[in-house]
Each structure stands twice: as structure tokens, then as C-alpha cells.
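One structure is given below, encoded as C-alpha cells.
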Amino acid sequence: MIRQRVGWALPTNRKSLNDRGGQCPPYFRAACGLALVVFFVTSTAHAAPWKRHTIDNTSRGADGVRLADVNGDGHLDIATGWEEGGIIRVYLNPGPRNVKKAWPSVTVGRVKSAEDAVFVDLDNDGAVDVVSSCEGRTRTMYVHWAPKDKAKYLDETAWKTEPIPATAGKQMWMFCVPQQVDGRHGVDLIVGSKGGDGAIGWLEAPANPRDLSAWSYHKLRDAGWIMSMIAHDVDGDGDNDLIFSDRKGAQRGIYWLASPGAKGVVAGQPWKQHTIGATDREVMFLSVDRFEGYWFVHAAIKRNDALWYVGKGDDWEQVGGDYPADRFGTAKAVRAADMNGDGRRDLVISCEGASGEKSGLFLCTLFPKETYTDIAGSKGVKYDLIELVDLDGDGDLDVITCEERDNLGVVWYENPTR
């Protein structure tokens, strides 16, 4: 259950701490980076926006960034679906020396209405493939098979695209999480969709994953509009559960599904649903991280809220609040990390609807006072998922994202801290 809702900082009403003996609860200390002195002040930093570097802006409608090191060089690469452009692309991270230039890339497939693209070595041959999820009229998921010859990874003609028959024309597919579900064969795929037939389910890998006709779909739950799905061992029993956000419909909110374990899955046991929160809100993208021994589930809430939840099982604390709607767009995604090197957690928030002079990407520093720093400036209207990575090797975290209305494309913003 949710015990309280507070602002960015500790509550000024001491009664809200009565159940903790008037002491700062441990989840607040973790959320605040162990700050014991709190100033209830808000301000806006008017520094110039962070420097933007373009990874690719040569197609239309870049929709999400998913990361993995696909060539084993120690640098995280990017998979992105270009929804309006009708292509799926992979970008190979060239390393700190060349990261500010356009990245080497390859179009791995051409499919319409791609909403998500994720790396996974689906056939376990050592070459990292890509799985795309498509909505609109396409309503199909595809596998883009990578060439086994690593020297041909950037050769578009060496890639092969095939639909997954169990998904073909069935649902408006929105998100995919590769995960071993049943302990058999290769990696399985947990998938989510939206619309009248929206659902969360999983695709069971057959003995031969290359035989896509042998993949079977198992429904777990009805859904209105799945935004995020994150594999995470919530209950600590050794297998991954599923944290997810459902944006629309009667079951909207943030939940987690408890995996019954590989044996339970094979036996057909159900995945028990647990509520985290925001059941009366329009929840966008989620992120999960660990700080000072606590797990945090962060949520961007439309219109202009960013919340985080601390807890487990059915007992979650809700923290967070709104941000200035006159300066920034409506919330799309949120990530937490120490962005300025002071040892405390900050929030990076992306937005859509950032028209006119509004910004679609900003930093919220919580302590010693609540400060909002513009990252993107007025360019860009609709941003998406955020990844925080030290791309230029200078010791601070940069911001990777994409923008699909002003066609900024796949971009990263250089943290000016160092």
C-alpha cells in the first residue's frame, strides 16, 4: 500500500513521519543521498543547454534507444526503430575518441510502424540479432538475423528479416524484453502491446529458435497500453519477475508480475500480479535502479510528475512530485543517477509536447535545493527513453535519447560537469 505522497524533498509536515517515530525513514535517506540537512527551496539554472551530438538523423521518427555491447569491445551500442522511416538500425559505439561524430551504422531491416527494437542473440550463434515490435497496421514482430561473420555486421545485405508468425497481424506490439522464462531451449521473449486486444505475454522459444513458425505465444494479462517492461527479481527468489507500466484502461498503473519459476511456468502456474502504484494516473516509461541498499522504481507520469517507489511485494512507498509545466513538456521517461559528482542522486527527465520555448529534456538536482537545469533547449518536441552512459570517457554520465518530431534523431547530450 502507499503510505504517503510527498514533494521532491522531505515532507514539511512532521505528522507524515509519525509512523517512523518522527525520524527520517530510511527510504528518504536513500532517495536524498543520505542528506540530513534539507533546504525547501526551488530554483532554475539558466546555464546554456548541454551540447548535443548527433548519432544519426537521416531517417524519420526515431523511437527509442536500447543498449548492448554487441561486438565485445566494451562500449555500449544502440538499436533503434525509426517509426515513420520504416527502418531498424544498429549503431556501433566508436569509443570515446570518435563518439562525437556520426556512429557507424547499419539498417538491419525495413518494417513499418516500428515501436521498439532490442538486441538479443536469439539463436545463440554468437552474433547479436535484433527483434522489432511494430504497431499500426503492421501489428507484427520481426527478427532481424545478424550475419555470423562479424566482419559483415555493418553490411545491410548480410542481414535477414523474418516475421514471427505467432505475432503476425495479432496485436499492436509496443515493447519486448528478452528473458529466459521456462528454463528450456534458448532465450524467450516477453512482449507487450496496446489497444482493444492489448496484453502482456511471452513467446516461447522452440528447440530450434531459427524456426520462427515453432515459436508459441502465452498470454499473461490484458493491457490497455504497455509502455515499459523491466525484468527484475523483485521478490529475491532467484528468477526474474516483470515490472511494467500500463498507460491506459481499467488496469492502468505500475505493477509487477511474480514469475512462478521455470518449473512453475512449464506446469502452467499463473504469474501473480502485485500493485506498485499510480493506478489513477497515466504512467509513461519506468526505470529501476539500486541505491544505498534500496531498490527504486522510477516513473514518468503524464502530465508533469516524476515519481519513485521504494519497497517490495505489496508494500511500496511513493515519493516525488511535479515539475514546472511552463518550462518543460509532459513527462515521458525518467532516470536517476549522480549527474554532477556530489554523491547524491539526481533525476534526468525527458518529455513530449515540448513545443515553442519549452524544453523536452532536463535535469532535476534535488539537493541542497531543488534545481531544474535545461539540457536540450527549445529544439526538439518529442523525446523518448533515456540512457545514462559516460560516452566520452571523462568520468561523468552523458544522456542518450532520441527525438522524433523535430527529427533530431538519435542523439546524446554531453554532461558539462567535467
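Read the figures in this text as sums done on the coordinates, not as results from a lab. Computed from a prediction, not measured in an experiment: that's the story for all the values here. FYI the Cβ positions are ideal-geometry reconstructions off the backbone, even for glycines, and counts take in every protein chain you see.
Things to note:
- Contact order normalised by residue count of the chain, Cα under 8 Å, 6+ apart, percent: 16 percent
- Protection proxy ranking, highest mean first, for peptides 337-344, 69-76: 337-344, 69-76, where packing is the per-residue count of other beta-carbon atoms within 10 Å, averaged.
- Rounded to whole numbers, the Karplus 3J(HN,Hα) couplings from phi for the range 140-153 are 8, 9, 10, 10, 10, 6, 7, x, 5, 6, 4, 5, 9, 4 Hz, using 6.51 cos²θ - 1.76 cosθ + 1.60 with θ = phi - 60°, and x at Gly and Pro.
- Summing Cβ point charges (Lys, Arg +1; Asp, Glu -1) relative to the Cα centre of the chain gives a dipole of roughly 880 debye.
- Three semi-axes describe the equivalent ellipsoid of the range 232-313; taken as square roots of 5 times the Cα gyration tensor eigenvalues and ordered largest first, they are 24, 17, 8 Å.
- Residue by residue, the range 328-339 carries 3J(HN,Hα) couplings of 10, x, 7, 4, 10, 8, 9, 9, 10, 5, 7, 9 Hz when phi is fed to the Karplus relation 6.51 cos²θ - 1.76 cosθ + 1.60 (θ = phi - 60°); x denotes Gly or Pro.
- The three principal axes of the C-alpha atoms in the range 74-217 carry coordinate ranges of 46, 33, 25 Å, sorted with the longest axis first.
- Amide H partners (placed H, <5 Å) of Val120, local residues excluded: Asp129, Val130, Val131
- Its Cα gyration tensor gives the chain an equivalent ellipsoid, and the semi-axes of that ellipsoid, as √(5λ) in whole Å with the largest first, are 34, 27, 19.
- When you restrict to C-alpha pairs under 8 Å that are six or more residues apart and normalise by the size of the range 147-196, the relative contact order lands at 28 percent.
- Cα gyration tensor category, rounded, prolate or oblate, for the range 309-370 with a/c compared to 1.5: oblate
- Measuring against 24 Å, Cα to Cα, the residue pairs Lys112/Lys272; Lys272/Lys302; Lys219/Lys272 contain Lys112/Lys272; Lys272/Lys302 as the ones spanning a longer distance.
- Taking the charge dipole of the chain about its Cα centre, with +1 at Lys and Arg Cβ atoms and -1 at Asp and Glu Cβ atoms, the residue from Thr58, Val108, Val187 reaching farthest to the positive side is Thr58.
- By definition, a body whose alpha carbon gyration tensor gives a ≥ b ≥ c is oblate when a/c is 1.5 or more and a/b is not larger than b/c, and the range 156-196 fits this oblate description.
- Structural descriptor for the range 48-157: relative contact order 21 percent, calculated from alpha carbon pairs under 8 angstrom and at least 6 residues apart.
- Backbone amide hydrogens, once placed in the peptide plane, bring Arg221 within less than 5 Å of Ile200, excluding anything fewer than 5 places away on its chain.
- Whole-Hz Karplus values for the range 190-197 come out as 8, 10, x, 9, 9, x, x, 10 Hz, taken residue by residue from phi with 6.51 cos²θ - 1.76 cosθ + 1.60 and θ = phi - 60°; glycine and proline positions read x.
- Among the trypsin sites (Lys or Arg not before Pro) found in the range 45-130, those both in a DSSP coil and sparsely packed, with 12 or fewer other Cβ atoms within 10 Å of their Cβ, are Arg97, Lys101.
- The range 309-418: C-alpha gyration tensor shape, a/c 1.5 cut-off, then a/b vs b/c: oblate
- Exposed loop sites were defined as chymotrypsin sites (Phe, Trp or Tyr not before Pro) in DSSP loop states (anything but H, G, I, E or B) carrying at most 12 other C-beta atoms within 10 Å; in the chain the longest segment without such a site runs 41-418.
- Under a 5 Å amide H cut-off, with hydrogens placed 1.01 Å from N, Glu115 pairs with Ser133, Cys134, Glu135 among residues at least 5 apart or on other chains.
- DSSP beta bridges fully contained in the chain are about 95 percent antiparallel.
- Pairs beyond 19 Å (Cα-Cα), from Lys312/Lys369; Lys332/Lys379; Lys170/Lys382; Lys101/Lys358: Lys312/Lys369; Lys170/Lys382; Lys101/Lys358
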